[in-house]
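Visitor: This is the structure, below, for whatever I ask next.
Taken together, the values in this text are just the output of simple stated rules run on the coordinates, not laboratory data. Please read all numbers here as calculations on a predicted model, not as lab measurements. No Cβ is skipped: glycine too gets one built from the backbone with ideal geometry, and neighbour counts run over all protein chains shown.
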């Protein structure tokens, strides 16, 4: 196995210096996700303003892959439209589930392309997706908490 | 004088083809025997021979294959009984694994608690107490937790000291006149601690409680004699003692098996059946509903033969040396903290550790790249992790085929982990 393929510089950098970490107010939706096989956990909050993901804040414990993935996700979808954030989430999820066959689009996924190699390691895919699952779940909760069409 | 290992490890290794496996371009160093052990050719061969020559269902057939299969299955039971010093083969119930064996006992309590006229030793009511320890594998925690939830009994536990031993000062308080059953781990799967049993067993007797052991990590590694231990039941599993998966065993005193209501019901466990009611067969058949794992029993018997030939005292001596070597070498790694006893006394060759806060998943991944297989995670012992303030550990565990060279490779690879994540 090629370790460098899994632990790319970008991943180690996000792991050591996570972007956007910490829980912040305001937020409309919060999700807590656990990976029962390793005990990794993330609590993630989403603040939606109009149709924009105005803030993603999180606290997590876990391996380098799960922590780096949450940090990369923050950079990628914080501040973009809800629609775009969901599209990127779908794109990243598909890449992770590609069993090493997927080709990452650098234009769209930016730093997240460093995770391409992770998809070859079935035991680690869950680690990489934990933060993204929390985002999706928190967003659903945020939308449920906000009256429909309640954009001001 | 201390016993010196008489195992010829290289000769043992020759019996395990999987140990010649390459992981990428590195030879496998299998340090995960506490999760599942590898199997010698003798086990595989016995199962193959049975399958190709004698395969049939047991007990009911009059044909030759049926008779051979029954003989092989009951012969395996006798061999296992003998291996653990049971008075009679009828005291050994084959199960799927340790988890099922412990559930069998917990459900005996639950079923007795709702059955009029059941043996009062198995009847639980609010006010009664069940005792475990803080270092249990979930297999010996959750069945009792559930039992307490359903009967209103209270679950209590003996804590762990900072050095990873049971806090025996709590024994007299935690086990008291309310205690109906004490079920505790013999050798801890995360900490590697070999628990002293006599004080707990004596206290359980004093208060009239039943007492049993989760011996999953004991039977494979140290001589176990149920009569000497003086307990009421023990549970263990085949795949951790060189045998196949899918078979484990419950040993319990004959008199208790007679008093216990069955766990699962159905085929093979009956005496007579009408549309209205059923009377049950005697133990062990009473607890073996349905077709059992027959070829697996044959495999387990071959594993017992193999261990018998090595001699369990030799196995223990080998692992004591190995544990000492592991602890000495691991403590030379910068930033490594052993979780569990740090001296090779009252502990097995299963060592959990934290490495400079690098997540165990990452540690395991880097080690795998060097062909080294360890277990990472909470090892189905989450309360133990919480007790030591970690979410997970890396665990290296050795067995009869483990060499000091493999430990050296582990130590060298751990230095690499530190470099990647420094």
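Visitor: Rank B:70, B:279, B:291 by mean-square fluctuation in a GNM of chain B with C-alpha springs under 10 angstrom and give only the top-ranked residue.
Guide: Top of the fluctuation ranking is B:279.
Visitor: Turning to a different aspect of this structure: Top mean-square fluctuation among B:405, B:354, B:308, Gaussian network model of chain B, C-alpha springs under 10 Å?
Guide: Comparing B:405, B:354, B:308 in a Gaussian network model of chain B, the most mobile one is B:405.
Visitor: Right, something else. Apply the Kirkwood formula to region A:3-144: the hydrodynamic radius equals the inverse of the mean of 1/r over all pairs of different alpha-carbon atoms; give it in Å with one decimal.
Guide: Working: mean 1/r = 0.0678 Å⁻¹.
Mean inverse Cα-Cα distance, inverted, gives 14.8 Å.
Visitor: Find the eigenvalues of the gyration tensor of the Cα atoms of region B:8-129, then list the square roots of 5 times those eigenvalues as equivalent ellipsoid semi-axes, largest first, in whole angstrom. Write down the numbers at each step before the final one.
Guide: Working: eigenvalues 280, 126, 34 Å².
The three semi-axes for region B:8-129 are 37, 25, 13 Å.
Visitor: Sort A:133, B:260 by Cβ crowding within 10 Å, fewest neighbours at the top. Working shown, then result.
Guide: Numbers: A:133 17, B:260 24.
Lowest count first: A:133, B:260.
Visitor: Antiparallel DSSP bridges in chain A: what percent, to the nearest 5?
Guide: Here the antiparallel bridges make up roughly 95 percent for chain A.
Visitor: Going by how many other Cβ atoms sit within 10 Å of their own, how do B:98, A:98 line up, fewest first?
Guide: Values: B:98 26, A:98 15.
Ranking B:98, A:98 by Cβ neighbours within 10 Å, fewest first, gives A:98, B:98.
Visitor: Using every alpha carbon pair in the protein assembly as shown, what percent of pairs falls into each 10 Å bin from 0 up to the bin containing the largest distance?
Guide: 3, 16, 22, 22, 19, 12, 5, 1, 0
Visitor: Still on this structure, I have one more. For the protein assembly as shown, what is the calculated [θ] at 222 nm in deg cm²/dmol (nearest 500), taking -39500 (n - 2.57) for each run of four or more DSSP H residues and dividing by its residue count? Could you put the intermediate results ahead of the total?
Guide: Working: 20 runs with 227 residues, N = 574.
Taken over the protein assembly as shown, the calculation gives -12000 deg cm²/dmol.
Visitor: Under the definition of partner shielding as Cβ atoms of other protein chains within 10 Å of a residue Cβ, what is the mean value for peptide B:366-376?
Guide: Values: counts 4, 0, 4, 6, 2, 1, 0, 0, 0, 0, 4.
Taking all residues of B:366-376 together, the mean is 2.
Visitor: Test of understanding: ordering B:148, B:380 by Cβ neighbours within 10 Å, fewest first, what list do you get? All intermediate terms of the calculation are to be shown ahead of the outcome.
Guide: Details: B:148 20, B:380 17.
Lowest count first: B:380, B:148.
Visitor: By the gyration tensor of its Cα atoms, with a ≥ b ≥ c the square roots of the eigenvalues, what is the shape of chain B: rounded for a/c under 1.5, prolate for a/b over b/c, or oblate? Could the numbers behind the result be given before it?
Guide: Details: a/c = 2.05, a/b = 1.27, b/c = 1.61.
In terms of gyration-tensor shape, oblate.
Visitor: Peptides A:2-8, B:101-107: what's the order by average Cβ count within 10 Å, highest mean first?
Guide: Working: A:2-8: 16.0, B:101-107: 25.4.
Ranked by mean Cβ neighbours within 10 Å, highest first: B:101-107, A:2-8.
Visitor: From the Cα gyration tensor of region B:76-206, with a ≥ b ≥ c the square roots of its eigenvalues, which class applies: rounded if a/c is under 1.5, or else prolate if a/b is larger than b/c, or else oblate? Intermediate results must be reported in sequence, preceding the final value.
Guide: Values: a/c = 1.61, a/b = 1.03, b/c = 1.56.
Because a/c hits 1.5 or more and a/b fails to exceed b/c, region B:76-206 counts as oblate.
Visitor: Roughly what % antiparallel, to the nearest 5, for the DSSP beta bridges in region B:65-224? Present the calculation step by step, with values, prior to reporting the outcome.
Guide: Working: 2 of 16 bridges.
The antiparallel proportion sits near 10 percent.
Visitor: Roughly what % antiparallel, to the nearest 5, for the DSSP beta bridges in the protein assembly as shown?
Guide: On the way: 47 of 68 bridges.
Bridges in the protein assembly as shown that DSSP calls antiparallel: roughly 70 percent.
Visitor: Please sort B:343-352, B:184-193 by packing, taking for each peptide the average over its residues of neighbouring beta carbons within 10 angstrom, highest first. Don't jump to the answer; show the numbers that get you there.
Guide: Working: B:343-352: 22.9, B:184-193: 28.5.
Output ranking for B:343-352, B:184-193: B:184-193, B:343-352.
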